[in-house]
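No value in this document is a laboratory result; all are computed from the given coordinates. The structure presented is a predicted model; accordingly, all values stated were derived computationally and were not measured. Positions of Cβ are backbone-derived with ideal geometry, glycine not excepted, and every protein chain shown enters the neighbour counts.
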Amino acid sequence: MNTLKKLSLIAFLALSFSAMAQPAPPGNGQPAPLGGIVLLAAAGAAYGAKKAYDKKQNDL
């Protein structure tokens, strides 16, 4: 039983140290990096607008 307690303590300590190694969230002066997502959304909107414009031109 003593070995089980020691093993549990070692496992708990090892897992708690790895949980504390997470990077800090961005602060007030550092916005989250959304550049790629914004560019992808803008490209999708432009592509959809062009498709709608082309369809409207073909219908006339």
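Which net charge results when you count Lys and Arg as +1 and Asp and Glu as -1 among the other residues whose beta-carbon is under 13 Å from that of F12? It would help to have the intermediate numbers written out before the result.
Details: positive: K5, K6; negative: none.
Spelling it out: positives minus negatives among the neighbours equals +2.
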Next on the checklist: Between I10 and V38, what is 0.36 nm times their sequence separation minus the Cα-Cα distance? Round to one decimal in nm.
Outcome noted: 5.6 nm
